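Reading through the C-alpha cells given below for one structure.
The values are calculated or read from the model by the stated rules, or taken from the named source; none is laboratory data. Since the model is a prediction, treat every value here as computed from it, not as a measurement. Neighbour counts run over all protein chains shown; Cβ positions are idealised from the backbone, glycine included.
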C-alpha cells in the first residue's frame, strides 16, 4: 500500500508539473494576467515544482522501507565518480541553455529567454542532456531501497513522457529546424538514433 501511495503521489506531482508547463495552460494564464505578471511565470513554476515535490520526498523518507542493494567498495567509488560526472553535465547543460532564463530570473528582470535551438556542446550528443544527466545521477545511487526505486522509477517515467510533450512544443515553436535536429540527435542516450520510416 505504501509503495502504491508513493507512486501515485509522484505521478500526481508529475501530472500537475506537466500541466503547468503545457502551452494551453500557459496561454490561459497569459490571457488572465498582464505581461509584467506573466514575466514571473517561469520563476514561480520552478519554485512551485521544488516546493510541491518536498511532500513526496518526505513521504518516501518516513515510509517503511527495505534495502534492495548496496554497491560495495571498490565499485562504490565508480558510481560516485559517475554521479559527479552527471552533476558536472547538469551544470554545463544549464550554462549552455542560459541558466538565468532557465530559472526564470532573466524574464523577471525584463530580459527575453533565448529564442533559438541549442545544438552544440552536450546538445550535439543528446536532445535533453539535463534529463539524461539527471537519470544517470539517480540510477547510479550506490544504495538502493524500495522507496528510492519507486521514486526513481516514477521520475524516469515522468522525464520520458515529459520529454515527449516538450518536443511537441519545440516542434511547434521551431518547426523544420527542430525536426531536422531531432532526426539526427538521440533523445537521451548518446549515439542511439532510432531510424524512422
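With (1) surrounded by 14 or more Cβ atoms within 10 Å (Cβ to Cβ); (2) within 23 Å of residue 147 (Cβ to Cβ); (3) touching a helix residue (DSSP H, G or I) at 6+ places or on another chain (Cβ under 8 Å) as the list, and residue 104 as the residue in question, which single condition is left unmet?
(2)
Cβ contacts < 7 Å: first residue farther than 29 Å from residue 150 by Cα, restricted to segment 9-36; second residue at pLDDT below 85 and in a helix (DSSP H, G or I), any location; separation 6+ or different chain. Result?
Listed by first residue and then by second, the contacts come to 30/38.
Pick from segment 31-50 the residues that are part of a loop (DSSP other than H, G, I, E, B) and in contact with a helix residue (DSSP H, G or I) (Cβ under 9 Å, 6 or more places away or on another chain): which of them is modelled with the lowest pLDDT?
Looking at residues that are part of a loop (DSSP other than H, G, I, E, B) and in contact with a helix residue (DSSP H, G or I) (Cβ under 9 Å, 6 or more places away or on another chain), I get 33.
Which of (1) free of Cβ contacts under 8 Å to residues at least 60 places away in the same chain; (2) within 30 Å of residue 64 (Cβ to Cβ) is the odd one out, the single condition residue 170 does not satisfy?
If we test residue 170 against (1) free of Cβ contacts under 8 Å to residues at least 60 places away in the same chain; (2) within 30 Å of residue 64 (Cβ to Cβ), just (2) comes out false.
Go through (1) surrounded by 10 or more Cβ atoms within 10 Å (Cβ to Cβ); (2) outside any helix (DSSP H, G or I); (3) modelled with pLDDT under 95 and name the single condition residue 59 misses.
All conditions pass for residue 59, except number (2).
Just to be sure before I move on: is residue 25 touching a helix residue (DSSP H, G or I) at 6+ places or on another chain (Cβ under 9 Å), surrounded by fewer than 15 Cβ atoms within 10 Å (Cβ to Cβ), modelled with pLDDT under 90 and assigned to a helix (DSSP H, G or I) in the structure I sent?
So residue 25 passes the test.
I'd like the full set of residues that are within 16 Å of residue 165 (Cβ to Cβ), exposed (fewer than 13 other Cβ atoms within 10 Å of the Cβ) and out of contact with any helix residue (DSSP H, G or I) (no Cβ under 6 Å at 6 or more places or on another chain), limited to segment 1-22.
15
If I filter segment 167-185 for residues that are under 21 Å from residue 27 (Cβ atoms), exposed (fewer than 13 other Cβ atoms within 10 Å of the Cβ) and within 15 Å of the chain's Cα centre (by Cα), do I get at least one hit?
No, that holds for no residue.
Within segment 119-128, does at least one residue satisfy the condition of being without any contact (Cβ under 8 Å) to a residue 40 or more places away in the chain, surrounded by 13 or more Cβ atoms within 10 Å (Cβ to Cβ) and closer than 30 Å to residue 68 by Cβ?
No, that holds for no residue.
Which residue out of 152, 123 is under 28 Å from residue 2 (Cα atoms) and in a helix (DSSP H, G or I)?
152
Yes/no per residue for (1) within 18 Å of residue 49 (Cα to Cα); (2) modelled with pLDDT under 95; (3) part of a helix (DSSP H, G or I); (4) in contact with a strand residue (DSSP E or B) (Cβ under 7 Å, 6 or more places away or on another chain):
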position	(1), (2), (3), (4)
86	no, no, yes, no
89	no, no, yes, no
93	no, yes, yes, no
100	yes, yes, yes, no
110	no, yes, no, no
116	no, yes, no, no
119	no, yes, no, no
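Enumerate the pairs (first residue in segment 73-101 and farther than 18 Å from residue 134 by Cα; second residue anywhere and surrounded by 13 or more Cβ atoms within 10 Å (Cβ to Cβ) and modelled with pLDDT of 95 or more) with beta-carbon separation below 6 Å, excluding pairs fewer than 6 apart on the same chain, so at least 6 apart or on different chains.
Final answer for the pair search is 76/142.
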